[in-house]
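Just so it is clear, none of the values below were taken in a lab; they were calculated from the coordinates. Owing to the predicted nature of the structure, the values given are computational and were not obtained by experimental measurement. Neighbour counts run over all protein chains shown; Cβ positions are idealised from the backbone, glycine included.
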Amino acid sequence: MGVEICVEGLTKSFGHQVIWQDVSLTLPAGEVSVLLGPSGTGKSVFLKTLVGLLKPDRGSVRVAGRDITTLREHELYEVRKLFGVLFQDGALFGSMNLYDNIAFPLREHTRKSESEIRRIVLEKMDMVGLIGAEEKLPGEISGGMRKRAGLARALVLDPEVILFDEPDSGLDPVRVAYLNQLIVDLNAQIDATFLIVTHDIASARQVPDNIGLLFRRELVMFGPREKLLTSDEPVVRQFLNGRMQGPIGMAEEKDAAQVEQELAQLGDSARAETPGSRELTPRLLPGPGITRPPRWQAIARREAEPHRRREVADA
Ligand SMILES: Nc1ncnc2c1ncn2[C@@H]1O[C@H](COP(=O)(O)OP(=O)(O)OP(=O)(O)O)[C@@H](O)[C@H]1O
Ligand SMILES: [Mg+2]
């Protein structure tokens, strides 16, 4: 069973540059949450702060009740065993083959025998479709394979929390579909708490229980996916519709006057919605033969009741 992560009043800056401020959210135990946001809004910085790789200026990150921002290095080392992290660039060791890369956390953090390690590594490699590539070096394989190797490595310690930084970037649409199914199946099987950073709106619609959006140094919204997908917030609408017009600009943000001017010039077309962009796409379900944890019964009930979905959206 995953653990809850409770973030309160979190602020992070580098020198004079404030990355985000006063971020509060709770990742419910065992649920899947997605974090969206324009490039450069600090999503990767947020994930690194959750595992204690970066120290926030203010605020707390409670993992299973312990505030990790106040822990000493050796205590943090223990808490980190609860986490599996898939970094944005895969973060594999270039001189180690895939087998040794994936075995690394087991050799570093456990006293398991090499035969036990072999069993776990091959099981995870099979899970992500990498059997046969054990001897390959990271430089010899495709970007998609590197992502999957990073994912296998994030899984070997049976983590309570898994953080995925853009697991789908650089993958073709078919691979993204497989990856999404893999994520949903994994969550049902190991029941860990998941946080996924992605730019893929289709994935964000189908996979998570909760969605959050970072924009202009703030967490604009975080809550059940129904709430965000049907929200009228202009930033949310622009992001979900992939429109150029709106508060989000090329340099990440525009000033309010510029946005108003643009919207006035374009009239109604600037507010046009892509057909179906407010619809609640059905959730991706765990594949056949995978036992669903009890919370799936609640999800199934919620999905089956359209009137209730509206209530949640209005809440
Ligand atoms: N170690 C660091 N020192 C100084 N500045 C940093 C550091 N790490 C990140 N930043 C800055 O923090 C900001 C947010 O970076 P981050 O990588 O978290 O963005 P992101 O939302 O993950 O973007 P993308 O979607 O492109 O991956 C950037 O301006 C970046 O330059
Ligand atoms: Mg990033």
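Worth pointing out:
- Across segment 1-51, Cα-Cα distances exceeding 14 Å account for 57% of all pairs.
- Sparse packing (at most 16 other Cβ atoms within 10 Å of the Cβ) combined with a DSSP loop state is found for the following chymotrypsin sites (Phe, Trp or Tyr not before Pro) in segment 59-138: Phe93.
- 25 Å tail of the calculated P(r), segment 1-158, as % of Cα pairs: 39 percent
- Footprinting exposure proxy ranking of Leu157, Leu35, Leu50, fewest other C-beta atoms within 10 angstrom first, gives Leu157, Leu50, Leu35.
- Relative exposure of Arg107, Arg243, judged by other C-beta atoms within 10 Å (fewest first): Arg107, Arg243
- Fewest-first sequence of Thr198, Thr230, Thr26, Thr291 by Cβ atoms within 10 Å of each Cβ: Thr291, Thr26, Thr230, Thr198
- Over 28 Å apart at the Cα level, from the set Lys12/Lys112; Lys48/Lys124; Lys55/Lys124; Lys12/Lys136, are Lys12/Lys112; Lys55/Lys124; Lys12/Lys136.
- In plain terms, the chain from Thr110 to Trp296 could stretch by 63.7 nm, reckoned as 0.36 nm per residue minus the Cα-Cα distance.
- In segment 5-224, the DSSP beta bridges split such that about 55 percent are antiparallel, to the nearest 5.
- Positive-end residue of Val18, Phe46, Ile190, charge dipole of segment 5-224 with Cβ unit charges: Val18
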